[in-house]
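Reviewing the structure listed below.
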Amino acid sequence: MLFVYICCEFKNIDNPQKSYFIMSKMMFDYTKSILERVSFDPVLFCKELEKAIKTLLPYEMEQLQEWLLSFVIEKPELKQSLLLIKG
């Protein structure tokens with residue numbers, strides 16, 4: 001489903017830089033949604049975070065770090081994941 005949506009989005013965009021930005025934004029949003037879904041399990045959360053670290057761009061990592069800092073405030077069991085971002 002996500003692939004079909006991405007293809008449809010690219011057909012409507014003439015500017016390649018804009019399409020790159022949209023794809024990047026979609027990847028960041030997708031990453032956050034996965035992390036939110038697996039936040040019930042700290043081990044799984046860390047595994048998904050490691051995957052995200054390997055795939056996201058540097059400026060996306062900055063955004064992810066900001067998001068993660070605010071997200072773990074409500075879930076102290078996930079604070080160990082901050083070590084992955086800073087390390």
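So the values come out like this:
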read-out: Cβ pairs under 8 Å, 6+ apart, first in region 60-72 and under 15 Å from residue 83 (Cβ atoms) and open to solvent by less than 10 Å² (accessible area, probe 1.4 Å), second at pLDDT below 95 and part of a loop (DSSP other than H, G, I, E, B); value: 64/56
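So that you can scan it fast, the table gives a plain yes or no per residue for (1) of a type in the set (Lys, Arg); (2) under 15 Å from the mean Cα position of the chain (by Cα); (3) at pLDDT 95 or above; (4) in a helix (DSSP H, G or I):
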residue: 13; (1), (2), (3), (4): no, no, no, no
residue: 18; (1), (2), (3), (4): yes, no, no, yes
residue: 22; (1), (2), (3), (4): no, yes, no, yes
residue: 29; (1), (2), (3), (4): no, yes, no, yes
residue: 33; (1), (2), (3), (4): no, yes, yes, yes
residue: 48; (1), (2), (3), (4): no, yes, yes, yes
residue: 54; (1), (2), (3), (4): yes, yes, no, yes
residue: 60; (1), (2), (3), (4): no, yes, no, yes
residue: 63; (1), (2), (3), (4): no, yes, no, yes
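The values are calculated or read from the model by the stated rules, or taken from the named source; none is laboratory data. All values reported here derive from a predicted model rather than from experimental measurement. Because the Cβ atoms are built from the backbone with ideal geometry, glycine has one as well, and the counts that use them run over all protein chains shown. All accessible areas refer to the heavy atoms of the entire protein, side chains included, with ligands and DNA or RNA removed. Shrake-Rupley method; radii C 1.70, N 1.55, O 1.52, S 1.80 Å.
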